[in-house]
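Read the structure below first, then the notes.
The values are calculated or read from the model by the stated rules, or taken from the named source; none is laboratory data. Nothing here was measured: the structure is a model prediction, and the numbers come from that model. Glycine also receives a Cβ, built like all others from the backbone with ideal geometry; neighbour counts cover every protein chain displayed.
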């Protein structure tokens, strides 16, 4: 429960979220969303919720990124905004 | 109050609101369907941040699990005692278990009556009647520890439980949303919202008619 | 229009931040969530009532077992919904802007390093997943985490080699059957205690089946129930991946 880690992680999380929504290439946006999930996992672990961190690492940074990449493979990779 | 105290006490909640607004804005105003789904995922993460922030305590431990010496407080001295004695005999690591419960189970499961008799002799030779009595007592009823726990030392486990299932269900619904996007792409040819709306306007004259499945399969071959 | 949406979002955010002035300070022990009776009761009494050191698993599988049963059903229903949406890939509509591909699969290029290294990693990952499932009582883990890691190992196998060949080994029908078996294990275990005079999902009554005291009966029942959850979560995650990555074409037309 070190507060300075908390503050740094929170600010990084907001930056990553905004960046992943602004990238026009969808694969890069998906990977940035994966980074977002990893940072969330660190934040949960720092706040003392290790079960939630474990689940977020397995699900958010693993399986969810794979689903998004699979869908982008079957549709287009470019987005207009 | 000064800035430091204000920040410490409220930063989590402010960031939660900011993330939620980023997510809602993305769902409303992004043109690409996949970006909308990403906004939904960010919104979901913000709500989970809120619940987990509610559950943390200043001096709480890192893990919501009871520490080992709180659960088995009496066995520590006896473990060391038996470790020294057992290494002389060739009992192997199995007898050196910390809980008498496991020792009892091992004794029950082993068909070796000699080992059983030797174990009793082992107890008697060392005069450690407390171990045998405690072993039986541990199997039947353990000493309740509810009074020795200060609730401020542990994080609140209840929101963690709710958020655990929320994450897994969230990824399942993400899968449903993505499959809908694939279907929309196959029919309309794009995943940009404005192009889809135009295609709907143009297609309303032709319409989409249903066909029996064999004819559709024959058409594709 | 976009300006209007941005204004709405910003106004909503400002209102919420204004309302947060009344929140108790973060991480204080005196806030209503932390000082309430329910969480104090859980923290003090979980070990005495269930003999499980991990508080989160105990609440998930015993105290809130009913919720977890229906979360499992929700995951299964999402898998069925994806199956219904993407299905067998053959669509009944007459006009599609993107025509269905004639050749569904080209053989993926044979890459020796990827295949060999995946073959070495997959058993280790599966062993770790089973470890996480079994040690949910004593360390962070449990059914959901173990199930997702198990699914990830199968996904890795299918990513590194031919999807159609792997899908023929673990068919769609088998995936759905495994999902059903998970729910049947969970709900069946709860129904079993009805036969001994207890409530649904009341694990105390199972001491009539095995010669255990009620506390150990609860501890072991939690493990069995988590196994059910892991079955369903792993098979449904695998099913979702297959349907998404192949656009519904991963099963031949004649097989349901």
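What the table shows:
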{"read-out": "Residues (crowded, with 22+ Cβ neighbours inside 10 Å and at the interface with chain A (Cβ under 7 Å from one of its Cβ atoms)) located in segment B:16-29", "value": "B:19, B:26"}
{"read-out": "Positions within segment B:148-158 being more than 8 Å from chain C (Cβ to nearest Cβ) and either modelled with pLDDT of 90 or more or assigned to a helix (DSSP H, G or I) (or both), in sequence order", "value": "B:148, B:153"}
{"read-out": "Qualifying residue in segment C:166-183 (condition: under 24 Å from residue C:202 (Cα atoms) and surrounded by fewer than 18 Cβ atoms within 10 Å (Cβ to Cβ))", "value": "yes"}
{"read-out": "Matching residues in segment A:38-52 - criterion: being at the interface with another protein chain (Cβ under 8 Å from one of its Cβ atoms) and touching a residue at least 24 places away in the same chain (Cβ under 8 Å)", "value": "A:40, A:43, A:47, A:48"}
{"read-out": "Any hit, segment B:77-89, residues being at pLDDT 90 or above, in contact with a helix residue (DSSP H, G or I) (Cβ under 7 Å, 6 or more places away or on another chain) and more than 21 Å from residue C:7 (Cα to Cα)", "value": "no"}
{"read-out": "Yes/no for residue A:35 being modelled with pLDDT of 95 or more, touching a helix residue (DSSP H, G or I) at 6+ places or on another chain (Cβ under 7 Å) and either surrounded by 23 or more Cβ atoms within 10 Å (Cβ to Cβ) or more than 22 Å from residue B:168 (Cα to Cα) (or both)", "value": "no"}
{"read-out": "Identity of the residue in segment C:58-68, surrounded by 20 or more Cβ atoms within 10 Å (Cβ to Cβ) and more than 9 Å from chain B (Cβ to nearest Cβ), that ends up farthest from residue C:237 (Cα to Cα)", "value": "C:62"}
{"read-out": "Residue ID - nearest to the other protein chains (Cβ to nearest Cβ), chosen from residues in segment B:59-70 that are surrounded by fewer than 14 Cβ atoms within 10 Å (Cβ to Cβ) and in a loop (DSSP other than H, G, I, E, B)", "value": "B:62"}
{"read-out": "All positions within segment C:127-144 that are crowded, with 23+ Cβ neighbours inside 10 Å and in a helix (DSSP H, G or I)", "value": "C:129, C:132, C:133, C:143, C:144"}
{"read-out": "Output for segment B:30-39, where each listed residue is part of a helix (DSSP H, G or I) and either at the interface with another protein chain (Cβ under 7 Å from one of its Cβ atoms) or more than 26 Å from residue A:70 (Cα to Cα) (or both)", "value": "B:34, B:35, B:38, B:39"}
{"read-out": "Residue count, segment C:25-57 (criterion: part of a loop (DSSP other than H, G, I, E, B) and either facing chain B (nearest Cβ under 8 Å) or at pLDDT below 85 (or both))", "value": "10"}
{"read-out": "Extreme residue, nearest to residue B:54 (Cα to Cα), among residues of segment A:11-31 that are surrounded by fewer than 20 Cβ atoms within 10 Å (Cβ to Cβ) and facing chain B (nearest Cβ under 7 Å)", "value": "A:14"}
{"read-out": "Some residue of segment B:159-166 being in the same structural domain as residue B:39 (by TED's automatic domain parsing), surrounded by fewer than 21 Cβ atoms within 10 Å (Cβ to Cβ), at pLDDT 90 or above and part of a helix (DSSP H, G or I)", "value": "yes"}
{"read-out": "Filtered residue count, segment C:99-128, keeping only those that are closer than 24 Å to residue C:172 by Cβ and either modelled with pLDDT under 70 or over 28 Å from the mean Cα position of the chain (by Cα) (or both)", "value": "9"}
{"read-out": "Counted residues, segment C:141-191 - those being farther than 19 Å from residue C:242 by Cβ and free of Cβ contacts under 8 Å to residues at least 40 places away in the same chain", "value": "4"}
